[in-house]
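Below is one structure, written out as structure tokens; the observations come after it.
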Amino acid sequence: MGPELTSRSQFLLLKTRRFAPLLLAQFLGTLNSNFFKSALVAVLAVEATKWTALSPEILTNLAAGVFILPCLLFPPLVGQLADKYDKAKLARLAKSLDLLITGAIVLGLSIPGPLVLLGALFLAGLHSTLFGPIKYAILPQHLRDEELVGGNALVGASTFVAVLVGTATGGLFAWKQWYSGWIAIAALLVAVTALLASYRIPTAPALASGLRINLNPVSEVWRNIRYARQDRAVFLSILGISWFWLYGVILLSQFSGYAEKSWGATESSIAFMLAVIVVGATVGSMLCNTLSGKHVELGLIPVGSMGLTVLGFDLISALLAMPPASAPLAFTDLLSSSGTWRILLDLFGGGLFGGFFIVPLYVLLQSRSQPEHRARIIAVNDVLNALFVVIGALIAATLRDGGISAPMLLGIATLCNAGVAVYVYRLLSHSLLRFLAGALIHSAYRVEKIDLANIPDRGPAVLVCNHVSFIDAVVLMAAVRRPIRFVMDHRIYNAPVIGFVFRHSRTIPIAPAKEDPAQKEAAFVEIARALGEGELIGLFPEGKITRTGELDHFRYGVGRIVAETPVPVIPLALRGLWGSFFSRRYGPAMSKPSLLRPFSKIGLVAGNPVAPEMVSPEYLKELVAALLGDDN
């Protein structure tokens, strides 16, 4: 469904017990984990020369590896437990363990020595691992289908904010050497609050109570990867999410280092710029619910990947255009440069499109995974995310050691993302075009949708509709939530401009038997194949746009379709387009600009499904005429 304002805001979820305690618990847990990570790494960097001969750089890299190790080891076990037991009880157990881990980390900070701090970092990584599969697997049990996008958007936005605030405050506390007491007070308070919030999470019963626990993380991950590959959409969602985090880590790390060394950005300036990314990602995540009409909108994924690519290349250009600084620039001096504002816009836009990319993928992962296997699939996603981040960091370090500059490395990463964007477009071109159709139609018209629930959410069906104007197919693409495979005259299909749109939306071309009998038969073969795979077929059985406003006779093609593949037929009626700029009421269509009336009201009405044995051209025409009513 295309972009349109929804009547029910996602923020209303914050008033519900089935969502608000979970959100608070996950936000505080993420905050604490990143707080500890930032503080511990900073302490290691400051105190390294006192404790060991290892350089601060080596200790910092070692710390990053120690922190991420639990993310590779423990999610498979947590995922199994979340499928086998009540997720609400597991959430309380996880937050209880978080409280104990917090106490252990605070104790570790009070004992000097790199080994103790590295052990505390391992615990911090464990702290961030325990809740991941639980929080994403519990959402589909507590939220309705139409709330899932909004819930994931809030979780994603709160995660971005928690990472930023935790990282910034942890580093501040450590550099100011406040960690002796203040870290303990703040972290323990956060952990206790998260634990109390977890006790408010409603029950989420086990969906695989007979599951036998496998303690081997390697075999468990491999087994669940094989399971995820059975559903291509689930597996590709996992790979897409993992790529997003890999690309993000390379982008942020190389940008921060280059900004500091090449044009004098101070720590406060870099922190501000990273905050701009988080604001963009938060806005993008929150917009997903509005733009998707409260249902997963796959068209946002190619929009996000394309936006990340374009802004990634512009960011590299903006970085290279910044003049080098002989000394660190104050924050206000840096902001006075016009080039800085270009960089800030790129960072905000990158975060925005990142939100468009990641939120639908998480929703798709949750909604397409089998409920009794969902937590284990999410656990595999967590492991692959961590693995991709490690691989990305190693590749970046190797290339930098080989003499590759930061801008060049950013260019390589963005070029790879461009490849991902092309692949995503090829997979989802029809979803992207449907999304853009929705953006266009809903920005130009007020669309009334009546009884569209008669169109099944899943499974095959044939849609038949009156043909009033040149934008009828676009309106249907915008109004109907599911993708439609239109059957269209081969001449329109092969037209230079509009044909590109229909070819990339997987339209099926058809020709009259007297012109090209082979193509006509090929069209019916493809229609039968599409219906066999559970798709929607869209027809305009009049075969041409009306010149009188009256329904013409319906052709028999739909009868042959349902005779060969018995599926329900849903009659549709477009209202309000007769007399529009795109109709033939006042002569040739699109010839009178005065007929362009923004925000005029149009409508799409769906009738009750017709059983295949009841289908005939005459009967379908009667049904469509009845749906048109006075608009006929």
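Values as computed for the structure displayed
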{"read-out": "Per DSSP, loop trypsin sites (Lys or Arg not before Pro) in the range 181-227 with at most 13 further Cβ within 10 Å", "value": "R212"}
{"read-out": "Neighbour cut-off at most 12 other Cβ (10 Å), DSSP loop, trypsin sites (Lys or Arg not before Pro), the range 520-574", "value": "K544, R547"}
{"read-out": "Amide H contacts of E448 (H built 1.01 Å from N, under 5 Å, at least 5 apart or other chain)", "value": "I602, G603, L604"}
{"read-out": "Two-site label geometry, L252 and I225: point separation in nm, points 7 Å out along Cα→Cβ", "value": "2.5"}
{"read-out": "Using θ = phi - 60° and Karplus 6.51 cos²θ - 1.76 cosθ + 1.60, couplings along the range 261-269 (whole Hz; Gly, Pro as x)", "value": "7, 9, 9, x, 6, 7, 4, 5, 5"}
{"read-out": "Contour excess over end-to-end distance, with Cα ends at A20 and K601 and 0.36 nm allotted per residue", "value": "205.4 nm"}
{"read-out": "Contour minus Cα-Cα distance for R503 and T548 (0.36 nm per residue)", "value": "13.3 nm"}
{"read-out": "For S285, S338, S158, order by how many other beta-carbon atoms lie within 10 Å, fewest first", "value": "S338, S158, S285"}
{"read-out": "Förster radius 41 Å - calculated FRET efficiency between F11 and E267 (Cβ-Cβ, nearest 0.05)", "value": "0.75"}
{"read-out": "Residues of the range 195-227 with amide N under 13 Å of a point placed 7 Å along Cα→Cβ from A104", "value": "none"}
{"read-out": "Computed E for R426/L93 - FRET, C-beta separation, R0 56 angstrom, nearest 0.05", "value": "0.80"}
{"read-out": "Hydrodynamic radius (Kirkwood) for the range 464-598, which is based on Cα pairs only, to one decimal in Å", "value": "15.8"}
{"read-out": "Share antiparallel - DSSP beta bridges, the chain, percent rounded to 5", "value": "20"}
{"read-out": "In nm, spacing of pseudo-spin labels at E260 and I395 (7 Å Cα→C-beta vector)", "value": "2.4"}
{"read-out": "The chain - charge dipole about Cα centre, Lys and Arg +1 at Cβ, Asp and Glu -1, debye rounded to 20", "value": "560"}
{"read-out": "Descending semi-axes in whole angstrom, ellipsoid equivalent of the range 520-632, from the Cα gyration tensor", "value": "29, 16, 13"}
{"read-out": "Degrees separating the helix 182-198 axis from the principal Cα axis of the chain, which is the longest one", "value": "40"}
{"read-out": "Fewest-first sequence of C71, C416, C465 by Cβ atoms within 10 Å of each Cβ", "value": "C416, C71, C465"}
{"read-out": "Cα convex hull volume per residue for the range 400-491 (Å³)", "value": "188"}
{"read-out": "The range 441-516: mean projected area of Cα convex hull, nm²", "value": "6.4"}
{"read-out": "Mean separation of Cα contacts under 8 Å (6+ apart) over length of the range 383-491, as relative contact order %", "value": "28"}
{"read-out": "The range 325-394-the range 245-261 distance, computed between alpha-carbon centres (Å)", "value": "11"}
{"read-out": "Cα gyration tensor category, rounded, prolate or oblate, for the range 262-302 with a/c compared to 1.5", "value": "prolate"}
{"read-out": "Nearest-ten-degree value, helix 517-532 long axis tilted from longest Cα axis of the chain", "value": "50"}
{"read-out": "Cβ-Cβ FRET estimate between M590 and L415, R0 fixed at 45 Å, reported to 0.05", "value": "0.65"}
{"read-out": "Cα centre as origin, Lys/Arg/Asp/Glu Cβ charges: the range 15-214 dipole, Debye", "value": "480"}
{"read-out": "Convex hull of Cα atoms in the range 232-378, direction-averaged projection (nm²)", "value": "9.3"}
{"read-out": "Option label - Kirkwood radius over Cα pairs in Å computed here, alternatives (i) 27.0; (ii) 24.8; (iii) 26.2", "value": "(i)"}
{"read-out": "The range 15-214: relative contact order as a whole-number percent, Cα under 8 Å and 6+ apart", "value": "46"}
{"read-out": "For the range 15-214, diffusion coefficient by Stokes-Einstein and Kirkwood Rh (Cα), 20 °C, 1.002 mPa s, µm²/s", "value": "124"}
{"read-out": "Sparse-neighbour loop sites [trypsin sites (Lys or Arg not before Pro); the range 454-513; at most 13 other C-beta within 10 Å; DSSP]", "value": "R458"}
{"read-out": "Given charges at beta-carbon only (K, R positive; D, E negative), |dipole| of the range 211-267 in Debye", "value": "420"}
{"read-out": "Positive-end extreme of charge dipole, the chain - chosen from G264, A275, P512 (charges on Cβ)", "value": "A275"}
{"read-out": "Which of T266, T309 has the fewest Cβ neighbours within 10 Å, and the rest in rising order", "value": "T266, T309"}
{"read-out": "Estimated 222 nm signal from helices in the chain, with DSSP H stretches of n ≥ 4 weighted -39500 (n - 2.57), rounded to 500", "value": "-22000 deg cm²/dmol"}
{"read-out": "Cα long-axis angle, helix 132-142 against the chain (0 to 90 degrees, to the nearest 10)", "value": "40"}
{"read-out": "Label-point separation in nm, A233 to Q519, each point 7 Å along Cα→Cβ", "value": "3.2"}
{"read-out": "Relative contact order computed over the range 451-631 (Cα-Cα under 8 Å; 6+ residues apart), in percent", "value": "30"}
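Any read-out appearing in this document is the output of simple, stated calculations on the displayed coordinates, not a laboratory observation. The structure presented is a predicted model; accordingly, all values stated were derived computationally and were not measured. Don't worry about glycine lacking a Cβ; one is built from the backbone with ideal geometry, like all the others, and counts go over all protein chains shown.
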